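Here's the structure, in C-alpha cells; my notes come after.
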Amino acid sequence: MTTISAPQAPSQVRPNRYKDRRRLTWILFLLPALLIYLGFMAAPLINSLGLSFYTGAGLRPEKFVGFANYQELLTNPLWRDRFLNALRNTIIFFTIHMLVQNTLGLLFAVLLASGIKGHSFFRTIIFIPATLSVLVIGFLWRLILNPQWGAVNKLLDAAGLGFLARPWLGDPGLILIIISLVSVWQWVGLPTMMYLAGLLTIPDELTEAARVDGANAWQTFWRIKIPLLIPVIGIVAVLTFVGNFNAFDIVYAMAGARGDPKYAADLMGTFFYRTAIAGEHPVARPDMGIGAAVAGVTFVILLVGVTFWLVGSRQRDYEL
C-alpha cells in the first residue's frame, strides 16, 4: 500500500527557496575571487612545485630528476652555502620585524586609540610610507645613508658625533639590520592600523569596569586589552612571517641582487632570483629547477609555520 505525503505548506517552501537563493548569491560573489586565486596563486604554485622535479635549460626544463634538485640544493657547496646564508638572513630579517615593527605598531595604536591631540595627523604620517614604492624608498635611503654626502653622516658630524659615521650600506655587519629597519619604517603603518582597529572594537564597558575595580592603566592594558587583541596579534604575526620570507624588493633596491657586500643582506627572495632568473655566481646561468627547489623549500617553511599558528590558535579557542 503506497502512502502519499502531504504537500508542503507555502510557508515551508518559501524559506527553502530563500536559502537556495542566498546560497547561489554567495557562490556567485565568491566565484570571481576563487577563479582569480586559482589562476594567479594556486596554479603558479603547483607549477613551481612541479618544476622543482625537473632540470634542463630554459624556462621549461624537461628532464625529470625527482628530488635531485633538492639534494643538490642542500648538499652541493655551490648552492648549500648561499642557501643557508640566505635562510639565516631571512630569519634575522623576520625577527627584527617581529620585535621592532610589531611592537612599535602596537605602541602607536595604543597612543592613537587614547585620543591624543592630533591623532588623525599622526595616523596619516605613520601610514604614508606604506603607500610609497619600495624602489623609491630604497633609492631615497641609499641617498640618505651615502657615506660621502648622505644626511645621516652629515648630521652626526654636525652634532659632534663624527666618530659614529660609517659606510652604513658597506658594512657586512650592519647592512642587514639597516635594511630591516628601513623596511620597518615603511611598513609599520599596517600593523598599527590593524591593532588600532582591534583596540577600537573593545567595549568601553570592560575598561570602565576594570577601572572601577581599581585597575590602573597598565593593568587594564595587560589584563583586558592584550588578551582581546591576541587574534589580531596572531594575524599580524602570520602576515609578517609570510611577507618577510617572500621579501625581495627592498634588498634588491638597497643592496642589489646579491645582497652585497659579501651576501650579507642576501635573503631567500634574492637567492631565488639569482638561481632561477639572473644566474648564480660562478655558474652565471639560470637554473629553473634549482630555483623552483628554493621556492619549494620556502613554501614548506611557510606552510609549517602557518600550520603551527592555526593549530595553536584553535587549541586556544577550545581552552577558552
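The values are calculated or read from the model by the stated rules, or taken from the named source; none is laboratory data. In this text the structure is predicted, and so the values were computed from the model without any measurement. With ideal geometry, Cβ positions are generated from the backbone for all residues, glycine too; neighbour counts draw on all protein chains shown.
What is the number of the single condition among (1) out of contact with any strand residue (DSSP E or B) (no Cβ under 9 Å at 6 or more places or on another chain); (2) surrounded by 15 or more Cβ atoms within 10 Å (Cβ to Cβ) that D287 does not meet?
Answer for D287: the failing condition is (1).
Quickly run through the range 62-101 and pick out the residues that are buried (at least 22 other Cβ atoms within 10 Å of the Cβ) and polar (S, T, N, Q).
Result: N69, N89, T90, Q101.
Among the residues of the range 125-134, write down those that are part of a helix (DSSP H, G or I) and either over 30 Å from D204 (Cα atoms) or touching a strand residue (DSSP E or B) at 6+ places or on another chain (Cβ under 7 Å) (or both). Explain how you work it out, then say what you get.
At the first step, the residues of the range 125-134 found to be part of a helix (DSSP H, G or I) are 125-131, 134.
Those that are part of a helix (DSSP H, G or I) and either over 30 Å from D204 (Cα atoms) or touching a strand residue (DSSP E or B) at 6+ places or on another chain (Cβ under 7 Å) (or both): P129, A130, T131, V134.
Do the conditions hold for T90, that is, is it more than 22 Å from D266 (Cβ to Cβ), touching a helix residue (DSSP H, G or I) at 6+ places or on another chain (Cβ under 6 Å) and of a type in the set (V, I, T)?
For T90, the condition - more than 22 Å from D266 (Cβ to Cβ), touching a helix residue (DSSP H, G or I) at 6+ places or on another chain (Cβ under 6 Å) and of a type in the set (V, I, T) - is not met.
What single numbered condition from (1) within 20 Å of A247 (Cα to Cα); (2) surrounded by 21 or more Cβ atoms within 10 Å (Cβ to Cβ) fails to hold for L132?
Condition (2) is where L132 drops out.
Which one of the conditions (1) of a type outside the set (G, A, S); (2) farther than 30 Å from V251 by Cβ; (3) touching a helix residue (DSSP H, G or I) at 6+ places or on another chain (Cβ under 8 Å) does V212 fail to meet, given that it meets all the rest?
If we test V212 against (1) of a type outside the set (G, A, S); (2) farther than 30 Å from V251 by Cβ; (3) touching a helix residue (DSSP H, G or I) at 6+ places or on another chain (Cβ under 8 Å), just (3) comes out false.
Of these, R123, R166, R211, which one is of a type in the set (K, R), modelled with pLDDT under 95 and under 30 Å from F241 (Cβ atoms)? If you could, list the steps in order and put the result at the bottom.
On the way: R166 fails: under 30 Å from F241 (Cβ atoms); R211 fails: under 30 Å from F241 (Cβ atoms).
After applying the criteria, what remains is R123.
Going by the conditions given, is N146 surrounded by 16 or more Cβ atoms within 10 Å (Cβ to Cβ) and more than 28 Å from T220 (Cα to Cα)?
Yes; evaluated as a whole, the condition is true for this residue.
This table checks each residue for (1) under 30 Å from P261 (Cβ atoms); (2) not charged (D, E, K, R).
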position	(1), (2)
G138	yes, yes
Q148	yes, yes
K154	yes, no
V182	yes, yes
R211	no, no
A215	no, yes
W218	no, yes
L229	no, yes
G234	no, yes
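Using beta carbons and a limit of 8 Å, which pairs, at least six apart or on different chains, have the first residue in the range 212-238 and over 19 Å from V100 (Cβ atoms) and the second one among the polar types (S, T, N, Q)?
Once the first residue is over 19 Å from V100 (Cβ atoms) and sits in the range 212-238, its partners that are among the polar types (S, T, N, Q) give T220/T207; I224/T207; K225/T207; P231/S313.
Within the range 168-188, restricting attention to residues that are in contact with a helix residue (DSSP H, G or I) (Cβ under 9 Å, 6 or more places away or on another chain) and assigned to a loop (DSSP other than H, G, I, E, B), which residue is nearest to A253 (Cα to Cα)?
Top of the filtered list is L169.
Farther than 22 Å from Y252 by Cβ, in a helix (DSSP H, G or I), in contact (Cβ under 8 Å) with a residue 40 or more places away in the chain and touching a Leu at 6+ places or on another chain (Cβ under 9 Å) - does that describe any residue in the range 117-124? Explain how you work it out, then say what you get.
First, the residues of the range 117-124 that are farther than 22 Å from Y252 by Cβ: 117-124.
If we keep only those that are in a helix (DSSP H, G or I) as well, we get 119-124.
Going one step further and asking which of them are in contact (Cβ under 8 Å) with a residue 40 or more places away in the chain, we end up with 123.
Restricting the remaining residues to those that are touching a Leu at 6+ places or on another chain (Cβ under 9 Å) gives 123.
Looking through the range 117-124, at least one residue is farther than 22 Å from Y252 by Cβ, in a helix (DSSP H, G or I), in contact (Cβ under 8 Å) with a residue 40 or more places away in the chain and touching a Leu at 6+ places or on another chain (Cβ under 9 Å).
Is it the case that G279 is within 26 Å of L303 (Cα to Cα) and surrounded by fewer than 16 Cβ atoms within 10 Å (Cβ to Cβ)?
No: the conditions fail for G279.
Which members of the range 149-174 meet the condition of being out of contact with any Leu (no Cβ under 9 Å at 6 or more places or on another chain), hydrophobic (A, V, I, L, M, F, W, C) and surrounded by 11 or more Cβ atoms within 10 Å (Cβ to Cβ)?
L174
Residue under question is I301, and the condition is that it be more than 30 Å from L140 (Cα to Cα), among the β-branched types (V, I, T) and surrounded by fewer than 19 Cβ atoms within 10 Å (Cβ to Cβ); does it hold?
Spelling it out, I301 is indeed more than 30 Å from L140 (Cα to Cα), among the β-branched types (V, I, T) and surrounded by fewer than 19 Cβ atoms within 10 Å (Cβ to Cβ).
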